[in-house]
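All remarks here apply to the structure that follows.
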Ligand SMILES: Nc1ncnc2c1ncn2[C@@H]1O[C@H](COP(=O)(O)OP(=O)(O)OP(=O)(O)O)[C@@H](O)[C@H]1O
Ligand SMILES: [Mg+2]
C-alpha cells in the first residue's frame, strides 16, 4: 500500500474529555512538531501514530491511512514497514559492529549496493555527531547521541520509511539544525516531538499538547517563519560556543561580544 496521507482523529485527554483538535493530516513532504510541557502526552501521541491506533489505546485515538480505517489485524510486510520511530530512550541490545548491523538491515530491506548504502548512512549520521561513528565499533559502545544519529540515518536511508517520528532528538546533543536541514532533502513525513523553538517554528504546523490532549493546531505563518530564521542565528551562536567549550577554549569577553554581534547582522 502506497501511503499518501495519514490522519489522526481525536480521542480523549487524561481527564477523559474529547481533545480540542478534532483531527490533523500528515501528507508527504510535511514536517510537523508536537510541543508541550513534560508529561503532557507527546510520546503517547506519536506512539499512537506508530501503532496505527484504532480506538484501542488509552487515548482512544484513531489513525487513518489514505482516509481509510485500518483493520486491527492488519500488519505491514516488515521489509516495508512505513513508520520509523526514533524513540526518546534508545539502547541497543546487540553488540554487533555498526557495519554488520547496517549490512543486515540493508539486506533485509533488499538494498542493491550494500557497501554504498552503508557508507551513505554513516556519512549522514556523522554529520550529526561530534565524534564520528566507525564501522567496527560495537553498537552497544555508541554514545546516546551517536546511537540516535545512526538510527535517524538508518531510518531515512536504509529503511527508506516514508514516515519518520523523532522523539526529542535535541536531548541527545546531536546537531539538530543540521538534522533538520538534511532531512528536508527527503520527501517524507517527519513528526518531531520537540522542546526546540527553531524546530517547532520550522515546521508546517505544530500540535500543542496539554494534559494528554491535543489542545491546539497552529499553522506556522510568515512572521513565525522569519522568527525561525532569527532563532537559527541564536542557535548557531550557541553551537559555536558549545564547540569552543568542548574543545577546551577559554571564553573571553571579546569572544562573547564578537559572536553576539553576528546576531544583529
Ligand atoms: N490521552 C491520554 N490518555 C491517558 N493517558 C495518557 C494520555 N496521554 C498521555 N497519557 C499518560 O501520561 C503519561 C505521560 O505521557 P508521555 O510520556 O506521552 O508524555 P511526554 O509529553 O512525552 O513527556 P516527556 O516530555 O517527559 O517525554 C504516560 O503515562 C501516558 O500513558
Ligand atoms: Mg516523551
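What follows draws every value from the coordinates through simple rules; no lab data is involved. Everything numeric here is computed off the predicted structure, so don't read it as measured data. So basically every Cβ, Gly included, is an ideal-geometry build from the backbone, and we count neighbours across all protein chains shown.
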Need one number for the chain: average projected area of the convex hull over its C-alpha atoms, nm².
15.9 nm²
Treating each Cα of segment 34-93 as an identical point scatterer and ignoring solvent, apply the Debye formula and state log10 I(q)/I(0) at q = 0.15, 0.18, 0.28 Å⁻¹.
-0.55, -0.77, -1.28
Where does the Debye-calculated log10 I(q)/I(0) of segment 151-265 sit at q = 0.10, 0.14, 0.22 Å⁻¹, using only Cα point scatterers of equal weight, no solvent?
-0.39, -0.72, -1.28
Point-to-point label distance, residue 211-residue 76, nm (Cα→Cβ direction, 7 Å offset)
3.4 nm
Value of [θ]222 nm, deg cm²/dmol, for the chain, DSSP H segments ≥ 4, -39500 (n - 2.57) each, nearest 500:
-10500 deg cm²/dmol
Expected sort for 47-60, 100-113, 238-251 on mean C-beta neighbours within 10 Å, highest first, is 47-60, 100-113, 238-251
Please work out the Cα center distance from segment 1-29 to segment 82-109, rounded to the nearest Å.
28 Å
Calculate how many DSSP beta bridges within the chain are antiparallel, expressed in % of all such bridges and rounded to the nearest 5.
55 percent
For segment 43-158, state the average projected area of the convex hull of the C-alpha atoms over all orientations, rounded to one decimal in nm².
8.3 nm²
Please list 252-262, 150-160 highest first by mean number of surrounding beta-carbon atoms within 10 Å per residue.
150-160, 252-262
Inter-probe distance in nm under a simple model that places probes 7 Å from Cα toward Cβ, at residue 132 and residue 229
3.4 nm
A chain fully extended from residue 255 to residue 171 at 0.36 nm per residue, minus the present Cα-Cα distance, gains in nm 27.6 nm
When N counts the residues of segment 222-265, how does its alpha-carbon radius of gyration compare numerically with 2.2 N^0.38 Å, as a ratio?
1.32
Given a cut-off of under 8 Å on Cα pairs at least six residues apart, what relative contact order in percent is computed for the chain?
26 percent
With the alpha-carbon atoms as the only input, what is the per residue convex hull volume for segment 1-43 in Å³?
97 Å³
Where only C-alpha atoms are counted, convex hull volume of segment 1-110 per residue in Å³:
147 Å³
